[in-house]
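Undergrad: My questions all concern the structure below.
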Amino acid sequence: GTTLGLAWALDWVARSAATVAENRIALIELDRAIGDGDHGENLDRGYSAVAGRLEQADPQTAGDVLKSLATTLMSTVGGAAGPLYGTAFLRGAKVATEDLDAAGVAALLEAGVEGVTARGKAEEGEKTMVDAWLPAARAARAAAEAGQSAVQALQAAAEAARAGAEATEPMVATKGRASYLGERSRGHRDPGAQSSALLLTAAAEAAEA
Ligand code: ADP
Ligand code: MG
Ligand code: MG
């Protein structure tokens with residue numbers, strides 16, 4: 001089947017920047033409910049800076065793209081999400097030095113989850129971006145083991161991430177700023193889980209294109 005490399009990674013970043021810009025206000029509103037209202041602003045600042053940085057970096061592989069993305073997000077996004085996404089994509093970059101088949105997609109997402117959890121120490125069910133990333137990585141691994149293509153693995157991952165983001169709504173936050181609200185965090189979707197679902201949906205759409 002088709003493997004995913006440099007062209008896919010560049011398209012993923014371009015689609016990510018577009019979806020983050022489109023959802024800037026919605027992400028701000030989610031973060032206003034259980035945080036400090038800056039998540040959409042933070043991510044949009046980061047993804048707006050990526051295209052220029054990529055032009056400078058002249059990437060040769062998907063790994064180079066993810067590395068440039070990671071360092072850009074780390075230096076521009078700030079807040080909790082900047083270092084978390086930065087670490088996720090930096091770990092992913094090490095996996096994406098060669099074109100990805102379905103098992104490669106699974107390994108990429110597993111590396112991303114490991115980056116997020118190494119940095120933030122959240123487990124599943126704590127109402128964070130982990131609740132989108134972990135089911136996504138699991139779905140990609142299952143697709144790979146079922147003999148599906150890289151594109152199908154990413155589609156399954158994106159679908160699982162969207163379901164995972166939705167599933168944060170009834171959760172009580174025990175990590176990050178939303179944990180200050182305790183019980184009052186219940187009934188709101190976690191902004192980082194939602195942005196993660198948007199980014200993984202962009203990854204699948206880039207793979208389909
Ligand atoms: P801040 O809370 O510093 O303003 P953002 O608003 O940009 O940062 O990002 C908030 C998101 O970061 C949360 O919705 C959550 O998904 C994620 N997050 C916060 N803390 C953690 C953590 N320890 N582990 C994983 N994700 C976290
Ligand atoms: Mg915030
Ligand atoms: Mg903040």
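Undergrad: Return the ratio Rg/(2.2 N^0.38 Å) for the chain, where Rg is computed over Cα atoms only.
TA: Rounded to two decimals, the normalised Rg is 0.93.
Undergrad: Let me ask you something else. Could you work out the helix-only [θ] at 222 nm for the chain, with each DSSP H run of four or more residues adding -39,500 (n - 2.57) and the total divided by the number of residues, to the nearest 500 deg cm²/dmol?
TA: -23500 deg cm²/dmol
Undergrad: Grab the beta carbon distance between E183 and A209, set R0 = 45 Å, and tell me the FRET efficiency rounded to 0.05.
TA: On the way: r = 43 Å, r/R0 = 0.96.
Calculated value: 0.55.
Undergrad: Here's something else I'd like to know. Sorted by mean Cβ packing within 10 Å, highest first, what order do the peptides 78-88, 166-176, 55-65 take?
TA: 78-88, 166-176, 55-65
Undergrad: Residue by residue through segment 194-209, which ³J(HN,Hα) values in whole Hz follow from phi under the Karplus form 6.51 cos²θ - 1.76 cosθ + 1.60 (θ = phi - 60°), with glycine and proline marked x?
TA: For segment 194-209, the Karplus-derived couplings read 5, 5, 4, 5, 5, 5, 6, 5, 4, 5, 5, 5, 5, 6, 6, 5 Hz, x marking Gly and Pro.
Undergrad: If you don't mind, there's one more thing I want to ask. Could you work out how far apart the two model spin labels at A7 and E22 are, taking each label as a point 7 Å from the Cα in the direction of the beta carbon, and quote it in nm?
TA: With each label placed 7 Å out from Cα toward Cβ, I get 2.2 nm.
Undergrad: Give me the distance between the Cα centres of segment 188-207 and segment 79-128, rounded to whole Å.
TA: So the two Cα centres are separated by 13 Å.
Undergrad: Specify the angular offset, from 0 to 90 degrees and rounded to the nearest 10, of the alpha carbon long axis of helix 102-120 from the longest principal axis of the alpha carbons in the chain.
TA: 40 degrees
Undergrad: Would you please give the residues with an amide H less than 5 Å from that of L100, counting only those at least 5 places away or on a separate chain, with H modeled from the backbone geometry?
TA: Hits under the 5 Å cutoff: L4, G5.
Undergrad: In whole Hz, what ³J(HN,Hα) sequence does segment 78-92 give by Karplus (6.51, -1.76, 1.60; θ = phi - 60°), x for Gly and Pro?
TA: Residue by residue, segment 78-92 yields x, x, 6, 5, x, x, 5, 5, x, 5, 4, 6, 5, 5, x Hz.
Undergrad: Let me ask another. Hey, which lysines would be in cross-link range of K67, C-alpha to C-alpha under 23 Å, not counting anything within fewer than 8 residues on its own chain?
TA: Within the straight-line limit of under 23 Å, K67 reaches these lysines: K94, K121.
Undergrad: Which order do H39, H188 fall in if you start with the one that has the fewest other Cβ atoms within 10 Å?
TA: H188, H39
None of the figures in this text is laboratory data; all of them are computed from the coordinates on show. Given the structure is predicted, the values throughout are model-derived calculations rather than measurements. Note that we place each Cβ from the backbone using ideal geometry, even for glycine, and neighbour counts take in every protein chain shown.
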